[in-house]
């Protein structure tokens, strides 16, 4: 029995199939776009966290290497809430060389380490300009606090006098308003507690 109709798709069926295919392509492209955006955001967060991890390790190492001084040459440690100056052994120098260091935030909102090689004698010439290492960019401010041990247990103070090493150093990195980065306070302890030589 032949009805005169040949096998195939009608124009309406082809149009419906194209509309369904179009919806699938739109959904697929939106999914790919979302995936690429999420991937880019995750990569940026990992890079930012990696920078903060590196700064965290560097600061802990610097504080741990603070020079406690000797009876004849007391430690050179002085700090306020905005900056912290100290002498510490350089990790890359095998003979125990040390440097006078200053941690602060500069006017360009960079958390920087300024340092000069430490001389155990009085300078007869003007010091060379300090070397400046940028630890972290886009920092609003840094707050330092110092643990002063006492017979009653001790407490945090906002300034340090330089006659001895603090028991602990707390470093709080504060990012500008609107910056999504956040990092917990860094608390580090000098490995050597005072002059015994």
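The values are calculated or read from the model by the stated rules, or taken from the named source; none is laboratory data. Bear in mind that the values here come from a model prediction, so they are computed numbers and not experimental data. Quick reminder, even Gly has a Cβ in these numbers, built from the backbone with ideal geometry, and neighbours come from all protein chains shown.
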Worksheet item: Which is modelled with pLDDT of 85 or more and touching a helix residue (DSSP H, G or I) at 6+ places or on another chain (Cβ under 9 Å), of 190, 176?
Response: 190
Worksheet, complete the sentence: Matching residues in segment 51-73 (in a loop (DSSP other than H, G, I, E, B) and surrounded by fewer than 16 Cβ atoms within 10 Å (Cβ to Cβ)) number 4
Discussion item. Is it the case, given these coordinates, that residue 166 is closer than 14 Å to residue 85 by Cα and in contact with a strand residue (DSSP E or B) (Cβ under 7 Å, 6 or more places away or on another chain)?
Written reply: yes
Worksheet item: Do we find a residue being at pLDDT 90 or above and surrounded by 16 or more Cβ atoms within 10 Å (Cβ to Cβ) anywhere in segment 117-129?
Response: no
Worksheet item: Which pairs do you get when a residue that is on the phi > 0 side of the Ramachandran plot and touching a residue at least 24 places away in the same chain (Cβ under 8 Å), found in segment 65-92, comes within reach of a residue that is buried (at least 18 other Cβ atoms within 10 Å of the Cβ) and in a loop (DSSP other than H, G, I, E, B), reach meaning Cβ atoms under 6 angstrom, with the pair 6+ apart or on two chains?
Response: 69/75
